[in-house]
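The values are calculated or read from the model by the stated rules, or taken from the named source; none is laboratory data. All values derive from a computational prediction rather than experimental measurement. A quick note on method: Cβ atoms are made from the backbone with ideal geometry, for glycine too, and the neighbour counts reach across all protein chains shown. Each accessible area value is taken on the protein alone, full model and side chains, heavy atoms only, with ligands, DNA and RNA left out. Shrake-Rupley method; radii C 1.70, N 1.55, O 1.52, S 1.80 Å.
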Amino acid sequence: MAGMSTFFVELSETASILREATARSLVILDELGRGTSTLDGTAIAYAVTREIAQQSKSNCLFATHYHILTEEFKACTQIALQHMACLVHDEGEDHHQNITFLYKLAPGACPNSFGINVG
């Protein structure tokens, strides 16, 4: 796929996953659709999630920052919303936060996203 954009490659690989996945597959998707606009990325992530849940019925781990998807799929019995647990500690008057990642899968949608400054 030399000369192809990362977005094109991502969608080509996703199309291949959707064609080949079965109920015995384990599909792992991380930040699908982040290479485009928020609206387009949300639509791609929604369509792929729905296809996997309703058609291939594969086991799937799908990491996303599109929080609207949690609302869209919270009533879907084929999908279990879970997130990586963390503890957030407020530090002083400047509202600086320390985040401790617990490396534990917790039930439900994640209440927040956390950006990390690496300096």
Which far-off residues, 5 or more places away or on another chain, put their amide H under 5 Å from the one on HIS83, with H placed in the peptide plane? ALA106, GLY108
Over what distance in Å are the Cα centres of the stretch 1-26 and the stretch 31-104 separated? 20 Å
Helix 38-51 versus the longest principal axis of the chain: what angle, 0 to 90°, nearest 10, using Cα atoms? 60 degrees
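Percent of alpha carbon pairs in the chain separated by more than 26 Å?
Details: 2214 of 7021 pairs.
More than 26 Å apart: 32 percent of the Cα pairs in the chain.
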Which one of HIS83, HIS95, HIS65 has the biggest mean-square fluctuation once the chain is modelled by GNM with Cα springs under 10 Å? HIS95
Helix 6-20 versus the longest principal axis of the chain: what angle, 0 to 90°, nearest 10, using Cα atoms? 60 degrees
Given H placed on each backbone N at 1.01 Å, which residues far from GLU31 in sequence or on other chains put an amide H within less than 5 Å of it? ALA63, THR64
Label points 7 Å out from Cα along the Cβ direction at ILE99 and LYS74: separation in nm? 2.2 nm
Can you figure out the FRET efficiency of HIS67 with LEU18, using R₀ = 25 Å and their beta-carbon distance, to the nearest 0.05? 0.60
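Would you work out what percent of the accessible area of the chain, with all protein chains in place, is carbon or sulfur (probe 1.4 Å)? Could you put the intermediate results ahead of the total?
Numbers: 4730 of 8730 Å².
Result for the chain: 54 percent of the exposed heavy-atom area is carbon or sulfur.
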With every protein chain present, what is the per residue accessible area of the stretch 4-65 (1.4 Å probe, Å²)? 64 Å²
